[in-house]
Amino acid sequence: MTLTPSDTSTTVDLDMVIEDAADLDLAFTEEVPTADDPSSRAAARDSDGVGFTRDEFAALLSKYDYNFKPGDVVKGTVFAMEPKGAMIDIGAKTAAFMPMPEVSINRVEALSDVLQPGEVREFFIMSEENEDGQLSLSIRRIEYQRAWERVRQLQKEDATIYSEVFATNRGGALVRVEGLRGFIPGSHISTRKPKEDLVADFLPLKFLEVDEERNRLVLSHRRALVERKMNRLEVGEVVIGTVRGIKPYGAFIDIGGVSGLLHISEISHEHIETPHTVLNVNDQMKVMIIDLDAERGRISLSTKALEPEPGDMLTDPAKVFEKAEEMAARYKQMLLEQAEENEPMGVTLD
């Protein structure tokens, strides 16, 4: 019996079909293999003739097996700019997002100040994928890390930098160094200006503390000025200074814009109860430099070494002023003789 799809008027008796099929000689030369029979699979081809090996193929696939982790730095392409950030293609299954605050270590008004569509650059992965499979990126973190590396290097070199004061507070002044926020303690600001008037001034600065873990960047204006002054000063030199402050332990003398300490023990050969009995603020005097400590940013001064007679600073300070250069010359000669006496004797070999 022959059935055609178009023979819709024919009613098929299922039992008749089964009986007719039983009468057919359905003889097979071999058994139909099962799915797990190795002989049913296509014969493996010789891979020697293929353009790359299996290892090379696996390596090729691994290139596209992305495994992004927080802390990684990856290259990406800017392909969309939005009000709250930028969409970045880093090859992940979903475009990554960089929020506006993460665009730069510096304050920026608009994304276009830092990024342009199509730009390729490095990005820092901040977090795992969210529920939508999206990663969060940052440029600021990369700049932050590199800024600390830079200031550590500058500190190691004992470099003098220039930075603009952008704010002041009760403790001192605030500046930015390589984009990082730095602090200048009030005790390390050497200027006659009121502290509030320093805003927008560029100051020479030296590093006091660089601590990334504690996020502490402390600088000194005084050290930078002292170093600059020290380059033109030498021990034994007499300079004219002005008394700017008096403390129980001594007086601070302004010598050409930097402050030196005249310790109470260096005022006179005679015993002094307090510097106030000898000195007054705004007194002009001659002092001799007895030590230059660039590391600590300190200049140590003496008038005791300039006394023609012990006690002259108490009884006749004008005489000390008049004879200062003469006494300083004697002091230098004394230092020279002491140095010669301390030199080791030459040894002659037979």
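The values are calculated or read from the model by the stated rules, or taken from the named source; none is laboratory data. Remember, predicted model here, so these are calculated numbers, not experimental data. Using ideal geometry, Cβ is built from the backbone for each residue, glycine included, and neighbour counts are taken over all protein chains shown. We work out accessible area using only protein heavy atoms, side chains counted, and drop any ligands, DNA or RNA first. Shrake-Rupley method; radii C 1.70, N 1.55, O 1.52, S 1.80 Å.
Name the single residue, out of those in segment 94-136 being of a type in the set (Ser, Thr, Tyr) and in a loop (DSSP other than H, G, I, E, B), that is farthest from Val175 (Cα to Cα).
Thr94
If I filter segment 314-322 for residues that are open to solvent by 50 Å² or more (accessible area, probe 1.4 Å) and of a type in the set (Ser, Thr, Tyr), do I get at least one hit?
Checking segment 314-322: at least one residue is open to solvent by 50 Å² or more (accessible area, probe 1.4 Å) and of a type in the set (Ser, Thr, Tyr).
Can you give me the number of residues within segment 137-168 that are in a helix (DSSP H, G or I) and either free of Cβ contacts under 8 Å to residues at least 60 places away in the same chain or more than 30 Å from Val78 (Cβ to Cβ) (or both)?
Going through segment 137-168 one residue at a time, the tally reaches 14.
Suppose we filter Arg181, Arg150 for residues that are open to solvent by 80 Å² or more (accessible area, probe 1.4 Å) and in contact with an Asp or Glu (Cβ under 9 Å, 6 or more places away or on another chain); which single one remains?
Unique residue meeting the criteria: Arg150.
Where residues in segment 237-251 are touching a helix residue (DSSP H, G or I) at 6+ places or on another chain (Cβ under 9 Å) and of a type in the set (D, E, K, R), which of them is surrounded by the most Cβ atoms within 10 Å (Cβ to Cβ)?
Only one residue fits best here, namely Glu237.
Go through segment 104-125 and give me each residue that's within 13 Å of Gly76 (Cβ to Cβ) and either in contact (Cβ under 8 Å) with a residue 60 or more places away in the chain or not charged (D, E, K, R) (or both). Give the derivation first.
Restricting attention to segment 104-125, the residues satisfying the condition of being within 13 Å of Gly76 (Cβ to Cβ) are 115, 117-125.
The answer is Leu115, Pro117, Gly118, Val120, Phe123, Phe124, Ile125.
Picking from Glu30, Glu109, which residue would you name as being at pLDDT below 60 and open to solvent by 80 Å² or more (accessible area, probe 1.4 Å)? Full working, then the answer.
Numbers: Glu109 fails: at pLDDT below 60.
Unique residue meeting the criteria: Glu30.
What are the residues in segment 257-295 that are open to solvent by 50 Å² or more (accessible area, probe 1.4 Å), without any contact (Cβ under 8 Å) to a residue 40 or more places away in the chain and farther than 16 Å from Ile246 by Cα, if any?
His271, Glu295
Count, please, the residues in segment 318-329 that happen to be out of contact with any helix residue (DSSP H, G or I) (no Cβ under 6 Å at 6 or more places or on another chain) and closer than 14 Å to Ile289 by Cα.
Total satisfying the criteria: 3.
Yes/no matrix, rows are residues, columns are (1) under 30 Å from Glu337 (Cα atoms); (2) among the acidic types (Asp, Glu); (3) in contact with a Cys (Cβ under 6 Å, 6 or more places away or on another chain):
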site	(1), (2), (3)
Asn215	no, no, no
Val226	yes, no, no
Ala251	no, no, no
Ile255	yes, no, no
Val278	no, no, no
Glu322	yes, yes, no
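Does Phe166 satisfy the criteria of being open to solvent by 30 Å² or more (accessible area, probe 1.4 Å) and either of a type outside the set (Asp, Glu) or at positive phi (or both)?
Criteria met by Phe166.
Restricting to segment 229-249, name every residue that is within 28 Å of Leu336 (Cα to Cα) and free of Cβ contacts under 8 Å to residues at least 40 places away in the same chain.
Hits for segment 229-249 are Asn231, Arg232.
Give the residues of segment 217-236 that are open to solvent by 20 Å² or more (accessible area, probe 1.4 Å) and basic (Lys, Arg), sorted by residue number.
Of everything in segment 217-236, those that are open to solvent by 20 Å² or more (accessible area, probe 1.4 Å) and basic (Lys, Arg) turn out to be Arg222, Arg228, Lys229, Arg232.
Which count do you get for residues in segment 318-340 that are among the acidic types (Asp, Glu) and touching a residue at least 60 places away in the same chain (Cβ under 8 Å)?
So the count comes out to 1.
Just one of the numbered conditions (1) at pLDDT below 90; (2) surrounded by 15 or more Cβ atoms within 10 Å (Cβ to Cβ); (3) over 21 Å from Gly179 (Cβ atoms) is not true of Arg54; which one?
The one condition Arg54 does not meet is (2).
Residues of segment 184-203 being crowded, with 18+ Cβ neighbours inside 10 Å and either without any contact (Cβ under 8 Å) to a residue 40 or more places away in the chain or closer than 26 Å to Tyr144 by Cβ (or both), which ones? Lay out the reasoning, then the answer.
Initially, segment 184-203 is screened for residues crowded, with 18+ Cβ neighbours inside 10 Å, giving 184, 188-190, 198, 203.
Correct list: Ile184, His188, Ile189, Leu198, Leu203.
Can you find a residue in segment 263-276 that is in contact with a Pro (Cβ under 8 Å, 6 or more places away or on another chain), in a loop (DSSP other than H, G, I, E, B) and more than 26 Å from Gln338 (Cβ to Cβ)?
Yes - at least one qualifying residue is present in segment 263-276.
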